[in-house]
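Trainee: If you scroll down you'll find the structure; I have some questions about it.
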Amino acid sequence: MPPDVCQLPLVGGHPALDLVNTLERGATSPHDFLSDPSALLRWSVLAGTINDVEAEQVGRAWRDEPAAAHAGLAAVRDIREGLNLVLLAAIIDADGGTAGDSVEAGAALVALHQRWSGAAARARFVLESSRVRLAYDTVPAMLVPDRIAEAAYDVMLTADLTRVRRCPVLEGGCGWLFLDRSRNGSRRWCRMADCGNVVKARRLTERRRAARPSGS
Ligand SMILES: [Zn+2]
């Protein structure tokens, strides 16, 4: 049985990348950790896009209006797919190409802009400590997709996308996305403790097997 969504390690370095990692890709039967609105709500708290008090408000709103819960989940999955396409198109491969498709990424940007502008239309300006910020918290039933649209906007416009990496699938990694914050930009694995060490151990076994005289 796949682990619960709350056991998912957050390795992306940004909630938007962690969101992309809630869907296993490349497997024969991809597992979606955001299996229902309740899983989405628990993951949103885990990822820090909403707090416990807000989660209670959202839970109440979604219980009163189950259709809104499912619409929220659909919106989040939509943002997740769009982000995946955009971020893959931002990853430059060793041969200078990108890991994604620029046309698909362009279409995804249009859809992501629509999601974000809907969220921005529901947001309000708040003056706090001599600064004005946009608070995405006016409609509890839409709070989760709106905060996630905000996270998508934030990663696309403020993160250094040249630092987006994908744990290398061809070398045995898991394919998760993460922001490489290492000083020299050389991080290769989502988590050395998991993917990196598993691959190293497998290589060592293979080398030992190859070195063993035949027949023994
Ligand atoms: Zn990995």
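Trainee: In the range 191-200, how many are more than 10 Å from the ligand (Cβ to nearest atom) and within 26 Å of Ile92 (Cβ to Cβ)?
Mentor: 1
Trainee: Sticking with this structure for a sec: Can you tell me how many residues in the range 52-64 are in contact (Cβ under 8 Å) with a residue 24 or more places away in the chain and surrounded by 14 or more Cβ atoms within 10 Å (Cβ to Cβ)?
Mentor: Adding up the residues that qualify gives 5.
Trainee: Separate question: Would you pick out the residues in the range 65-103 that are buried (at least 16 other Cβ atoms within 10 Å of the Cβ), β-branched (Val, Ile, Thr) and in contact with a strand residue (DSSP E or B) (Cβ under 9 Å, 6 or more places away or on another chain)?
Mentor: Passing the criteria: only Ile91.
Trainee: May I ask you to list the residues in the range 139-159 that are exposed (fewer than 13 other Cβ atoms within 10 Å of the Cβ) and of a type in the set (Ser, Thr, Tyr)?
Mentor: Hit for the range 139-159 is Thr158, nothing else.
Trainee: Considering only the range 81-101, state which residues are among the hydrophobic types (A, V, I, L, M, F, W, C) and part of a helix (DSSP H, G or I).
Mentor: Leu83, Leu85, Val86, Leu87, Leu88, Ala89, Ala90
Trainee: Next question, about the same structure. Looking at this structure, is Met142 modelled with pLDDT under 95 and among the aliphatic types (A, V, I, L, M)?
Mentor: Against the criterion (modelled with pLDDT under 95 and among the aliphatic types (A, V, I, L, M)), Met142 does not qualify.
Trainee: Only one residue in Arg203, Arg165, Arg188, Arg183 is assigned to a loop (DSSP other than H, G, I, E, B) and within 16 Å of the ligand (Cβ to nearest atom), so which one is that?
Mentor: Arg188
Trainee: Right, here's the next one. Output the residue which, of all residues in the range 160-170 that are more than 21 Å from His31 (Cα to Cα) and without any contact (Cβ under 8 Å) to a residue 40 or more places away in the chain, is least open to solvent (accessible area, probe 1.4 Å).
Mentor: Arg163
Trainee: Go through (1) within 14 Å of Leu17 (Cβ to Cβ); (2) out of contact with any Phe, Trp or Tyr (no Cβ under 9 Å at 6 or more places or on another chain); (3) within 16 Å of the ligand (Cβ to nearest atom); (4) not β-branched (Val, Ile, Thr) one by one and return the number of the condition Ala151 breaks.
Mentor: Status for Ala151: all satisfied but (3).
Trainee: On the given criteria, is Asp78 within 16 Å of the ligand (Cβ to nearest atom), part of a helix (DSSP H, G or I) and not hydroxyl-bearing (Ser, Thr, Tyr)?
Mentor: So Asp78 does not fit the description; no.
Trainee: Right, next: Looking at Thr49, Thr22 in this structure, which one is crowded, with 18+ Cβ neighbours inside 10 Å and either at positive phi or in contact with a Lys or Arg (Cβ under 6 Å, 6 or more places away or on another chain) (or both)?
Mentor: Thr49
Trainee: May I pose another question? Among the numbered criteria (1) open to solvent by less than 90 Å² (accessible area, probe 1.4 Å); (2) closer than 27 Å to Ile79 by Cβ; (3) more than 16 Å from the ligand (Cβ to nearest atom), which single criterion is violated by Arg133?
Mentor: Only one criterion is unmet by Arg133, namely (1).
Trainee: Here's a follow-up. Please determine, by comparing only the residues of the range 25-46 that are of a type in the set (A, V, I, L, M, F, W, C) and assigned to a loop (DSSP other than H, G, I, E, B), which one is most open to solvent (accessible area, probe 1.4 Å).
Mentor: Filtering first and then ranking leaves Ala27.
The values are calculated or read from the model by the stated rules, or taken from the named source; none is laboratory data. Given the structure is predicted, the values throughout are model-derived calculations rather than measurements. Every residue, glycine as well, gets a Cβ built from its backbone with ideal geometry; the counts of neighbours run over all protein chains shown. Remember, those area values only see protein heavy atoms, side chains included, never the ligands or the DNA or RNA. Shrake-Rupley method; radii C 1.70, N 1.55, O 1.52, S 1.80 Å.
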